[in-house]
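The values are calculated or read from the model by the stated rules, or taken from the named source; none is laboratory data. All values reported here derive from a predicted model rather than from experimental measurement. Note that each Cβ is placed from the backbone with ideal geometry, even for glycine, and that neighbours are counted across all protein chains shown.
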Amino acid sequence: MEVPFVGGSYEGHSKAANPQRAINLFPELDREGGRSAMRGTSGLRAVLNLSAAELGTEILTNGGFTGAATSWTLGDKWAYGTDNAACTNAALGTECVGATWTANNANFTVAGNTAEFAFLAGTSGFIRQAYTDLAVALKASKPYQVYFQVVDPVGNPPTVFGAQTDIIFKLGGTDAAFPGNLITLGTARSANGSFTETITTAATIGTTTAYALALGIYQNTNIATTKFKVQNMSVKRVLAGQTDSISQLAAAMAGSISQYVTYRLVYTISGYTGGFITPVVGGTAGVARNHNGTYSEDIICGSGGNLAFNSSGTFVGTLDAVSLKRVSYPLAEMRGLYPIGTTLFLVLGRYVYKVNTSYTATIINATKPLATDSGPVTMAHIDNGDGGYQLMINDGTLELAYLWDTITEVFAVLIDTNPAYPAVEFLGGGSVTAQDGFFLSHRPATNEFYNSDLKDGLSWDPLDQANAQVKTDPILMMVSYYRQLWIWKGNSTEIFYNSGDAELVFQRAPGGNLELGIAAAASVGWGDNSLFWLASDLTVRRNQGFNAVIISTPQLSHQIAEMSTVADGIGFCYNEEGHYFYQLTFPAEDRTFVYDVATGIWHERASWRGNQGLTGRHRANCYVFWNNLHHVGDYENNKLYVFDPAVSDDDGHAIIRKRVIPNMSEENKLLTLWEVELAGQMGVGLSSSGQGSDPMVKLRISGDGGSSWGPFHTAAIGKIGKADTRARFHRLGSYRDMTFEFSISDPVPVSWSRCPVRVTAGAY
């Protein structure tokens, strides 16, 4: 018997009812327009690799900690070792008390680290040590261990203590007057003894003229003369459990570090026993490490101007061989592609590159990085009237835009307060499109959109405004297609046109209103004389005139409805060998669905994820047809690819192709499966040895509609030239319900057409 083999992905509410899937396979048409075979999707061939980072010169002056390493600032827990910096978790740090204590009046006798008190009734006072007398300066908001002894002086009457005679240690004074504004008080003591306590300094401590350490006396006038000694006074920083850091200011570096710039940081941890250490570049934290090893990571510099390593309270280990270099091509998301003649413009993270037909890339905004580093961008261009073009780039979230002029080669940032172009009052910033020599952009979070002056993206008149106001929700996306301006909002869609009116150029077209919006702004794609998008009702639509026709299946809409988020959806269209495809990716869900306009059938696409042998969404994050090739940008690894039908892998990584066919059953009878054959293109093995030289197809079977699967069975599809090979599987067991999954990972052409099976039906 023949089982239905050629088809798409229709997994819906019930897998048992119809679990069929097509992953990296799509139905091919025969001459009569029927579906004759499942064909493998095109692979990816890399044409530009910006991930091979070009590093600048070393920025650090002493990353190996040789000599005194004076350019580094060490926290209390850090010390220089032998060509390294070591962090300890010892309980206490360096002694903070110097040798000089000062009495405030004649009631004190101070000698070294001993003070003798002889107070008359009704008096009080203190001894203190100035900030400049401290061997190690006090730090704000840090704990200190205080120790001192109180004893009766020899040859004097017993000390009189009570509620009115208290000794209090204080840290971080701001005023010379006692008891004054001495910030942090310890515990009041009213007896002889040895005292240890922990006092945490306030957020503000004394200056060089203030009293950083003080020991004060309170006494009531009714108390008799008090005599005693205070000796062995000690103040030490509490280190155990405290976060500490080692840092190097940008001013101490051979070159400066700048905001938004990516830096390659390399360092080595050794002697590790516990805790974490975290690198920080300009305020941007890297990865916390808790093992020995040499680490390398790229960090985008924040607004700060230093390199630091923060150790947790329990970190013990050494830091060595620190290297910091600027990265010319940091790993980032490829956010958009746009062609102008023989030049391709490419947005990678915060930077814009122009690429020639030899795939040489040149950055055009090195000193003016984009304000955001992720998410799709929109781009458009107009004739600048001087024999060149202006390219505008918007990220859709901020009230600004970027403009590149191909003649002047000036990269401008268009904002209301742009100092380079003070006359520019730019009011857009959402998506950008162009029509009839005008740029058009909408203002984020509003239903307003504006057009530039004709052929001049540096001139915007606030009066050149229109509103998509059939409903009050804000504009999310604008696209000019066949001289119709489509404007999508959350709950509605409006179509405008160039009216030719000098005062209100763009006006709403008669009947140009749809009671349907968009669920993912970046899901809009165009091709085959139509626009495609993910609609607000979670169906996928294409326009026919001013109508929005559903092209998604109920099963696909069900899968989309179950996703945690769809607003990040990315869509584009392309035409390959007679097939128009609309590709829709959901990054957060890690899935990609593709609609074949020629057949009206959906299939799925998946690519490798890292080097883990796993698969996820397709790697294409943006698309453009340029230089007679279909180009796509990778979502994470800086690579530009072309779709290539002659390539059966993704840039050297295997493409997992799967076909799950519909369930087979016969009135709940027990079916014994004797033989399964997969018919199609055979003898496609590669000439070289290794994977693909003897390609294999795998089969596994589910008896419960795809909820669980049995073991894999393998069959050869033929070494090179072995076109007479028959991929057969034998004696596969008995089932009342059967679902087949065929898969192949070999990098060979795939075209499967039929699946004849031999079964016998038993009893109910």
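Hey, which of the strands (runs of 3 or more DSSP E) in the range 400-510, taking only ones fully inside, have at least 1 residues that are hydroxyl-bearing (Ser, Thr, Tyr) and buried (at least 23 other Cβ atoms within 10 Å of the Cβ)?
Numbers: elements: 401-405, 411-414, 432-435, 438-442, 448-453, 456-467, 475-481, 484-489, 493-498.
In the range 400-510, the matching strands (runs of 3 or more DSSP E) lie at 401-405, 432-435, 438-442, 448-453, 493-498.
If you check 494, 515, which single one turns out to be of a type outside the set (A, V, I, L, M, F, W, C), in contact with a Gly (Cβ under 8 Å, 6 or more places away or on another chain) and within 25 Å of residue 444 (Cβ to Cβ)?
Unique residue meeting the criteria: 494.
Can you tell me which residues in the range 514-532 are out of contact with any Pro (no Cβ under 9 Å at 6 or more places or on another chain), under 26 Å from residue 625 (Cα atoms) and among the hydrophobic types (A, V, I, L, M, F, W, C)? Steps first, answer last, please.
First, pick out the residues of the range 514-532 that are out of contact with any Pro (no Cβ under 9 Å at 6 or more places or on another chain): 514-520, 523-532.
Subset that is under 26 Å from residue 625 (Cα atoms): 518-520, 523-532.
Of everything in the range 514-532, those that are out of contact with any Pro (no Cβ under 9 Å at 6 or more places or on another chain), under 26 Å from residue 625 (Cα atoms) and among the hydrophobic types (A, V, I, L, M, F, W, C) turn out to be 518, 519, 520, 524, 526, 531, 532.
From the residues in the range 642-675 that are in contact with a His (Cβ under 8 Å, 6 or more places away or on another chain) and at pLDDT below 95, which one is nearest to residue 592 (Cα to Cα)?
Filtering first and then ranking leaves 675.
Where the second residue is modelled with pLDDT of 95 or more and the first is on the phi > 0 side of the Ramachandran plot and lies in the range 568-593, which pairs have Cβ atoms under 6 Å and are six or more apart or on separate chains?
590/617
Give 264, 289 a once-over and let me know the one that is out of contact with any His (no Cβ under 7 Å at 6 or more places or on another chain), among the basic types (Lys, Arg), farther than 19 Å from residue 80 by Cα and touching a residue at least 60 places away in the same chain (Cβ under 8 Å).
Only one candidate passes the filter, namely 264.
Here are some residues: 317, 302. Which one is in contact with a Cys (Cβ under 8 Å, 6 or more places away or on another chain) and either farther than 19 Å from residue 350 by Cβ or surrounded by 15 or more Cβ atoms within 10 Å (Cβ to Cβ) (or both)?
The match here is 317.
Condition test on residue 640, is it in contact with a helix residue (DSSP H, G or I) (Cβ under 7 Å, 6 or more places away or on another chain) and not assigned by TED's automatic domain parsing to the domain that holds residue 715?
No.
How many residues, within the range 723-733, are in a loop (DSSP other than H, G, I, E, B) and surrounded by fewer than 16 Cβ atoms within 10 Å (Cβ to Cβ)?
Result for the range 723-733: 3.
Test residue 341 against the stated conditions and say whether it is on the phi > 0 side of the Ramachandran plot and under 21 Å from the mean Cα position of the chain (by Cα).
no
Of the conditions (1) under 24 Å from residue 51 (Cα atoms); (2) modelled with pLDDT of 95 or more, residue 333 fails just one. Which one is it?
Among (1) under 24 Å from residue 51 (Cα atoms); (2) modelled with pLDDT of 95 or more, residue 333 violates only (2).
Return a yes/no flag: does the range 683-695 have any residue that is surrounded by 15 or more Cβ atoms within 10 Å (Cβ to Cβ), within 18 Å of residue 37 (Cα to Cα) and at pLDDT below 90.
yes
Note down all Cβ pairs under 6 Å where the first residue falls in the range 738-764 and is farther than 20 Å from residue 686 by Cα and in contact (Cβ under 8 Å) with a residue 60 or more places away in the chain, the second is among the aromatic types (Phe, Trp, Tyr) and in a strand (DSSP E or B), and they're at least six residues apart or on different chains.
The qualifying pairs are 758/674.
Can you find a residue in the range 735-752 that is out of contact with any helix residue (DSSP H, G or I) (no Cβ under 8 Å at 6 or more places or on another chain), assigned to a strand (DSSP E or B), surrounded by fewer than 16 Cβ atoms within 10 Å (Cβ to Cβ) and of a type outside the set (S, T, N, Q)?
No, because not a single residue in the range 735-752 is out of contact with any helix residue (DSSP H, G or I) (no Cβ under 8 Å at 6 or more places or on another chain), assigned to a strand (DSSP E or B), surrounded by fewer than 16 Cβ atoms within 10 Å (Cβ to Cβ) and of a type outside the set (S, T, N, Q).
Here is a yes/no grid of residues against (1) touching a helix residue (DSSP H, G or I) at 6+ places or on another chain (Cβ under 8 Å); (2) over 16 Å from residue 431 (Cβ atoms); (3) surrounded by fewer than 22 Cβ atoms within 10 Å (Cβ to Cβ); (4) among the β-branched types (Val, Ile, Thr):
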{"site": "327", "(1), (2), (3), (4)": "no, yes, yes, yes"}
{"site": "330", "(1), (2), (3), (4)": "no, yes, no, no"}
{"site": "344", "(1), (2), (3), (4)": "no, yes, no, no"}
{"site": "348", "(1), (2), (3), (4)": "no, yes, no, no"}
{"site": "357", "(1), (2), (3), (4)": "no, yes, yes, yes"}
{"site": "365", "(1), (2), (3), (4)": "no, yes, yes, no"}
{"site": "369", "(1), (2), (3), (4)": "no, yes, yes, no"}
{"site": "373", "(1), (2), (3), (4)": "no, yes, yes, no"}
{"site": "394", "(1), (2), (3), (4)": "no, no, no, no"}
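State the number of residues belonging to the range 643-663 that are in a strand (DSSP E or B) and either in contact with a Ser or Thr (Cβ under 7 Å, 6 or more places away or on another chain) or within 19 Å of residue 711 (Cβ to Cβ) (or both).
8
Which residues, counting only those in the range 675-722, are β-branched (Val, Ile, Thr) and not in a loop (DSSP other than H, G, I, E, B)? Spell out how you get there, then give the answer.
Taking the range 675-722 first, the residues β-branched (Val, Ile, Thr) are 676, 684, 697, 701, 714, 717, 720.
Listed by number, the residues that qualify are 676, 697, 701, 714.
Is at least one residue of the range 158-168 modelled with pLDDT of 80 or more and not in a loop (DSSP other than H, G, I, E, B)?
no
Yes or no, residue by residue, for (1) within 24 Å of the chain's Cα centre (by Cα); (2) of a type outside the set (Val, Ile, Thr):
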{"position": "333", "(1), (2)": "yes, yes"}
{"position": "360", "(1), (2)": "no, no"}
{"position": "365", "(1), (2)": "yes, yes"}
{"position": "374", "(1), (2)": "yes, yes"}
{"position": "384", "(1), (2)": "no, yes"}
{"position": "392", "(1), (2)": "no, yes"}
{"position": "398", "(1), (2)": "yes, yes"}
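Can you say whether residue 335 is under 20 Å from residue 265 (Cα atoms), in contact (Cβ under 8 Å) with a residue 24 or more places away in the chain and either out of contact with any Asp or Glu (no Cβ under 7 Å at 6 or more places or on another chain) or buried (at least 18 other Cβ atoms within 10 Å of the Cβ) (or both), as far as the supplied structure shows?
Numbers: under 20 Å from residue 265 (Cα atoms): no; in contact (Cβ under 8 Å) with a residue 24 or more places away in the chain: yes; either out of contact with any Asp or Glu (no Cβ under 7 Å at 6 or more places or on another chain) or buried (at least 18 other Cβ atoms within 10 Å of the Cβ) (or both): yes.
Criteria not met by residue 335.
Output the strands (runs of 3 or more DSSP E) that fall wholly within the range 1-99 and possess 2 or more residues being touching a Pro at 6+ places or on another chain (Cβ under 9 Å) and either farther than 24 Å from residue 255 by Cβ or at pLDDT 75 or above (or both), or say none.
Ranges flagged: 35-40.
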